[in-house]
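This report refers to the structure that appears directly beneath it.
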Amino acid sequence: MHTSPGNPLDNTPSTTQPTGGLSAYGYTPAVARHFDQHPFAGATERGRVVRVDRTLLLIASGDGLLHLPYPLSGEAAVTGDWVWIGPNRAGDRQILAVLPRRSELSRKRAFEDSSEEQILAANMDTVGVVVPVDRPLTHNRLERTLVAAWDSGATPLVIITKADLAQVADDVVGKVILQAAGVDVVTTSAETGDGIDELMSRIPPGGTIVLLGPSGAGKSTLINALVGREVQPTGEVRSGDFKGKHTTTSRELVPLSNGTVLMDTPGVRGFGLFDAEEGLGGMFGDIQELAAGCRFTDCAHGNEPGCAVREAIDGGVLTERRWNSYLKMQRELAALARRSDVAAQRAYHREWHQKVVSAGKSQRWAEREASERQERSGGKRKRR
């Protein structure tokens, strides 16, 4: 994760105050100072990426919404990025630079052997992990999503949806509170409006919250309840496997009347971790504290005497399932690091091989040309 600490969201005056349509998309005095601290030559406007389409970016600016081409150079822009805008040679507007991110939500790309990072969202203050009560709670999925949320640099928040299904809500809420220790949990019902005000109170003024969860979790319905009208289509959830259609097809910022900005995301089936050591510590800090209390510093947490982790498991303080989940994520991150190193080594060797081959071809070409010159020179002497 590559983020800039920036300044906290507050009301301290800055050189540029929020104006126009940009203020609806989270442009606060703190963001204005962030721009001031990262100037770019030739830039004339400030903007934020509202949505990433196939060929164009939808940008909020002081004049309203614009469709602009992708930046010609530098880091690729994602939804939530703050950008500098300026004229191109033809006088049209273009994106000149992407500002350093204050927070960044990412995961490993979905295919198994990948060691590449996929950035899902940028510059959010809160990551809302949406957990619906109308399906079985998947503990491992919740844990790894919270690890990524902690690692993003934003504040994680568990949002339980569909709480009007009272026959199962209490059971799910209790399990989530136990599992998401250290993370606030808000229970909501878009149907009845319960918990909506409490959810809004958890987001800082002018802040951005990204909603993350599986298809059919009620993210779009929740956004419609927060906005007060239908801005996102909703779909039915199959009763057999609790799966829903991907009614959200892209990540898009949705402004609210009070200055809060929501980001809906397509349903995420899996969440492969990417460089999430900090997030792992945030989610499993209790286990790391236990491990630090072992008698031996190189304890493998097996049959060693004085193992604090094994004592906690045997005493019922730490569940075997949570311990195994922690180990699995550790192994996953270690394997990803090894793949990344191997990929870098292969790229280096490919480049080195190409240089050798190119140099070899050049050497052979030079030798052949010298030989041909010598033959031509010898032929001329014979004719004389």
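The values are calculated or read from the model by the stated rules, or taken from the named source; none is laboratory data. All values derive from a computational prediction rather than experimental measurement. Neighbour counts are summed over all protein chains in view; Cβ atoms, including those assigned to glycine, are modelled from backbone coordinates with ideal geometry. Side chains are part of the model used for accessible areas, which takes the heavy atoms of the whole protein and leaves out ligands, DNA and RNA. Shrake-Rupley method; radii C 1.70, N 1.55, O 1.52, S 1.80 Å.
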Looking at (1) at pLDDT 60 or above; (2) not in a helix (DSSP H, G or I), which is the one condition that is false for L280?
(2)
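Restricting segment 167-214 to residues that are open to solvent by 70 Å² or more (accessible area, probe 1.4 Å) and among the hydrophobic types (A, V, I, L, M, F, W, C), which is modelled with the highest pLDDT?
The extreme case among them is I177.
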With free of Cβ contacts under 8 Å to residues at least 40 places away in the same chain and exposed (fewer than 15 other Cβ atoms within 10 Å of the Cβ) as the only criterion, which of R46, R54 stands out?
R54
For A30: the one exception among (1) assigned to a loop (DSSP other than H, G, I, E, B); (2) modelled with pLDDT of 90 or more:
(1)
Kindly establish whether G26 is of a type in the set (G, A, S) and more than 24 Å from the chain's Cα centre (by Cα).
no
Is it true that some residue in segment 77-84 is open to solvent by 50 Å² or more (accessible area, probe 1.4 Å) and touching a Gly at 6+ places or on another chain (Cβ under 9 Å)?
no
Only one of (1) surrounded by fewer than 20 Cβ atoms within 10 Å (Cβ to Cβ); (2) modelled with pLDDT of 90 or more does not apply to S114, and that is (2)
